[in-house]
Amino acid sequence: MSGFAPSSVGATALDPDKRVNYRLGLVLGEDEFRQDQFHLRERDQYATRALHGYGTVSGLGVRYDDASGRLHVRPGLAVDSAGRLICVPAEYCGSLAQWLTDKAATDEVSGGLPSPVSVYVLLCWTECETDDVPIPAGSCMSAEDSRAASRLKDSFELRLSLEPPPIVGEVAQTSLGDGLDDLVDQIHGLLDVSGGSPPDTAGVAALLRQWAVERRPEVVDDAACLPAPEQTCVLLARVDAEIIDGPSGIGVRTAVVDDRERPILVSTRVLQEALFAVGADEVVPRHRHALAQLEDVDPTVPPAAGDTLRFDGTRWLAAPAQVTDHGSLTGLADDDHPQYLLVDGGRALTGDLSAGGHRLSDLPPSAMAGQPIVQAQAAGGDLRDSYPDPTIDRIQGVPVDAAAPDERDAFVLHDGRWRPLLPWILPLATIQPFTVDRFYVVWFNLDAPLNQVEVDAGTIDAALEVQRETDAGPTFLRRVGPASVSRRLRNVFVVEVREESTPLRFTFNLGRLQLTGGDTVLDWARKLGIWFVGQGDDRERVTTFVLGRTKL
């Protein structure tokens, strides 16, 4: 009977929106119980992720023990982005150095691990089967097949990763560039009462309505009914490790744990108490604190009719009312007109300087930072002539040429000056696959179409790096050459790579590639103002791509 196995009727697909309609005469089977359980679990998780969010609820602190070289995760509780509760009942630990050693040995890491390297500690939900019980067995079933797990246990997995988990749910950045941080900033601005204005509660209500109806990330990304994301692991911490290569693998010299990026999910009670505290400190206190301060009035001097209260820095004092009449030249020592500047400079001028449309005049020229620039004052630095119409004379100290630019000109640093020139953009080399596998023809045409400049063949091997695309991060590139370089014609060379693969990336270092006569290609191109296709921001490297093989 080899090759035969028990057959079973396929189960009906479970639907989170359905529940069993119990009624007299309904025959209940495995599908009905699974559907009811599935409906209740999905509803609980749906409500949690939609109404509360995800993150660390309590505990789950991460630390690194220098003595043992292990990462420790304390017990705690979290909610993942699917809305599932994850409980870690005890402290767990693992070797960071051993994980890095194993990771470096896999195909996922190309070119070795950098130092320092960032490792992310993740907490992920899982479930496992448990409590095996016997089940009815057919005549051809083995003893192992006649037992099945009667329970599914919610469990967890602690993982290390070189990549952080994606930010999902209501805290994700939307495709329109809007996010929860922007909403919080806007709400804070509407509730700010520091300027004396009452909080704009109507504006907050409108903003929250707009967030729910239009701006929530899942709505912007057309994710109906707030589905659970594909990746649901919760970030606990980032570990920045300085590593060294040892005879038995990778060693960790230092490791710093940073959990500031982990999501936090606080309880409703905490939010309630925080709101009560904000309300007591922002709305009421402005008058409450003022009345409380009046308790510090000096009790030894009872006030008389017409007196005012004056604060001397420690307590309120009753002081007789003073009559200030500037027309009679009385009360000139009183500091009771904040719109005036004090002679001793003891108080800053507040408000604007519009002065009813009049202008300030007779101001001295600026002599240092913070002083106003006046008309006809000579410009300095990279400017010449006088304000208000100075002329740009230099850019970061480099003179600007006086010649007028033509159409499509660009400013080019040439012969020590910024000059308006039409950029001379040329291809550095043409690369094609040779008729033999693993060989490629490289034709340098630096000063096309004349092609009068000759490349020094002896410098190509040191100036060229050939890489192929891979599926393994983080660089996704692997060096495959050059294995050899041979000259065929003037400025035409055949380059051999160690393995046949496309696409290939040919990268030339212009500072190492030389011309016959001694100049490097980089110095020669700078003198003539040439820019090569594929030249990087550092100006020293040119990258050319080969996508497929063709016959010459």
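Coordinate-derived values only; no laboratory data. What you are looking at is a predicted structure, and each value in this text was computed from that prediction instead of being measured. No Cβ is skipped: glycine too gets one built from the backbone with ideal geometry, and neighbour counts run over all protein chains shown.
The figures follow:
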read-out: Size of charge dipole - region 424-546 - debye, nearest 20, with Cβ of Lys, Arg +1 and Asp, Glu -1, no other charges; value: 80
read-out: Environment charge at Asp36 (Cβ cut-off 12 Å; Lys +1, Arg +1, Asp -1, Glu -1); value: 0
read-out: Amide H within-cut-off set for Arg147, under 5 Å, with H built and near neighbours excluded; value: Ile135
read-out: Label-zone membership for region 89-128, site Glu242, 7 angstrom Cα→C-beta point, backbone N under 17 Å; value: 97, 114-119
read-out: Within-9-Å neighbourhood charge of Arg505 [Cβ basis; K, R +1; D, E -1]; value: -1
read-out: Phe38-Arg526 pseudo-label distance in nm [points 7 Å out on the Cα-to-Cβ vector]; value: 6.8
read-out: Whole-angstrom Cα spans of region 169-228 along principal axes, big to small; value: 43, 17, 17
read-out: Reciprocal of mean inverse Cα separation for region 14-112 (Kirkwood radius, Å); value: 17.5
read-out: Peptide ranges 430-436, 356-362, 466-472 listed from the most packed, as the mean C-beta count within 10 angstrom indicates; value: 466-472, 430-436, 356-362
read-out: Region 424-546: radius of gyration over Cα atoms, expressed as a fraction of 2.2 N^0.38 Å; value: 1.03
read-out: Largest-first principal axis extents, alpha carbons of region 433-493, Å; value: 42, 24, 21
read-out: Label-reachable residues, region 495-531, where backbone N falls under 12 Å from a point 7 Å from Ile425's Cα toward its Cβ; value: 531
read-out: Environment charge at Gly517 (Cβ cut-off 14 Å; Lys +1, Arg +1, Asp -1, Glu -1); value: -4
read-out: Extension reserve of the Leu265-Arg394 stretch, reckoned as 0.36 nm per residue once the Cα distance is removed; value: 41.0 nm
read-out: Nitroxide proxy distance, nm - points 7 Å out along Cα→Cβ at Phe276 and Tyr387; value: 5.7
